[in-house]
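For reference, the structure is listed below as structure tokens.
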Amino acid sequence: MTTEVSPDIRSFETNSKLHRTILQASMDGFLLADSEGHLLEANDAYCQMSGYSLHELLGMRYIDLVAFETTGGTPASIEKIILQGRDRFKCRHRRKDGTLFDVEVSGQYHRVEGGRLVIFLQDITEHKQNFQRMENLAQRLQLAVSSANLGVWDRTLHDNKMVWNDRMFELYGTTRETFTGNVDAWLNGLHPEDKEAVVSASQAALNGEKKYDTVFRVCHPDGTVKHIKASGLVIRGADGTAERVIGVNSDITETKRAEEEKAKLEDQLLYQNRLAAMGEMINNIAHQWRQPLNILGLILQNLQLSFESGEVTKHMLDSDINEAMQVVQNMSNTINDFSNFFRQDTQKHEFLIDKAVIQALEFISASLQKSHIEIELLLDENITVSGFKNEYMQALLNIVANAKDVLLERQIEEPRITIRAFSENNLSVVTVHDNGGGIVDSILPRIFEPYFTTKGPGYGTGIGLYMSKVIFEKNMGGRLTVSNIQGGAEFRVEV
């Protein structure tokens, strides 16, 4: 005789199988326990979390899984679920290997079959670790902001409101009580000459054209002016629309003052260097003119003697006058060359390195010849550089003049200066090498310092090499270095 199963029983069994399938497929842990906490069922997810097998878990109580050094999940928590019918809390469970993991527990109590605890558990270990990392990062960020004395601001665009930290109020010379919090209040604190540029930079950042990174001045109510460096990050919504801007401000007033003082000092040094160079050039002009003046003297003496002897002819007179005028013209050209040499360039332009070196040496050739210093030129042709030609030549002459002084001071036999020009790694390179024995190691690091000189009082200003470094590096974006090599000092210019 066959017993038929009623439709209600079939439906119940089907639903039970479906529920079990869902619970087994769940990524969250599931436990079913009686009112005393004995485990009656567990899904695969919790078995994987805890490291226990289902068989092992069914012989345990829920309390056996809880790490009791945590407040949640204790017997009191279970009692609370039973009394209230449900509860949610966080605690730690202990794996089979003894390690702990964080879980968020959602429990319900059903008064069926003597009472049943239905417990769902979500492993929040990674979430908690991420939260802790974020909290640590926030603490480090707060420490960095505090240590760097940064002002932090947050601007919301829908209402144009700004939130500042305490340092921002100090930077702008205002107080939390008087600051209205809107953008206009911030703009009113900017220096009138800088406001338009700041607004433009802000709008460009909002439009996505460039980052917000600018420098401006703020005016305090007492008249104090501060230089501020500001940078910010635009936060955009899902559609790309700018919603917020967060950023920092820092006080760079002292840095600006130092830069201004340095610029003034460099201007003064440049002026002194030009005066010293002009004095040197006047001396060179004297050398350059000595020979033509001698020629003029001889022409005049020859005319006088010829006149006294009655031998002057028109042809002789015309010839001597033409020769004298040619000498005068050469002397005039020398003045023009020196005048052009000291004319300051206003724009960069390309020029040939070998031509610039030769032209520069022409100004001191007479002085070098008088000192019996040999100049050796090893110049590659067609090497160009973009920059200020006159400044380049002045800086190069400072180096050559320094080498000349060393050779004379040390009374070097067969003194020689070798100048090379070549291309290397897409750079134009000029080296000036002398055979003067090199620079003492102890002073080598200071050789480019302003006012540093090894010469006696009245024999050197100590600004020539410093200004050469400023011209090559600051004005032309190059590099000037020095080293001792092959029995002398070698200055290397890279542009």
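All of the numbers you see were taken from the coordinates with simple rules; none came from a lab. Fair warning: this is a prediction, and the values are worked out from it, not measured in the lab. Note that we place each Cβ from the backbone using ideal geometry, even for glycine, and neighbour counts take in every protein chain shown.
Among residues other than LYS161 with Cβ under 15 Å from its Cβ, the summed charge is -1 (Lys and Arg +1, Asp and Glu -1). Each Lys or Arg adds one and each Asp or Glu takes one away; over the other residues whose Cβ falls under 12 Å from the Cβ of CYS47, this sums to -1. Extension gain, GLN84 to SER309: 0.36 nm times the residue separation minus the Cα-Cα distance gives 66.7 nm. Karplus-derived 3J(HN,Hα) values for the stretch 358-372, using 6.51 cos²θ - 1.76 cosθ + 1.60 with θ = phi - 60°, are 5, 5, 5, 5, 4, 6, 10, 4, 5, 5, 5, 5, 4, 7, 6 Hz; glycine and proline are entered as x.
Based on the alpha-carbon gyration tensor of the stretch 148-251 and its eigenvalue square roots a ≥ b ≥ c, which shape applies: rounded if a/c is under 1.5, prolate if not and a/b is larger than b/c, or oblate? Taking the square roots of the gyration eigenvalues as a ≥ b ≥ c, the stretch 148-251 is prolate.
Annotation note: trypsin sites (Lys or Arg not before Pro) in the stretch 387-446 located in DSSP loop regions with a Cβ neighbour count of at most 15 within 10 Å are ARG410. Within the straight-line cut-off of under 27 Å between alpha carbons, the lysines reachable from LYS210 are LYS161, LYS195, LYS226, LYS229, LYS256, LYS474, sequence neighbours fewer than 8 places apart in one chain being disregarded. For a straight C-alpha distance cut-off of 17 angstrom, the lysines reachable from LYS80 (same-chain residues fewer than eight places away being disregarded) are LYS90.
With contacts defined as alpha carbon pairs under 8 Å and 6 or more residues apart, what's the relative contact order of the stretch 73-117 in percent? Walk me through the numbers on the way to the answer.
Working: 56 pairs, mean separation 15.0, N = 45.
Normalised by residue count, the contact order of the stretch 73-117 is 33 percent.
Taking Cβ atoms as reference points and 10 Å as the exclusive limit, the residues near LYS229 contribute a net charge of -1, counting Lys and Arg as +1 and Asp and Glu as -1. What is the set of long-range amide H partners of MET60 at a cut-off below 5 Å, with H atoms built 1.01 Å from backbone N? When sequence neighbours closer than 5 places are left aside, the close amide H contacts are LEU39. For the stretch 193-250, the direction-averaged projected area of the alpha-carbon convex hull comes to 4.3 nm².
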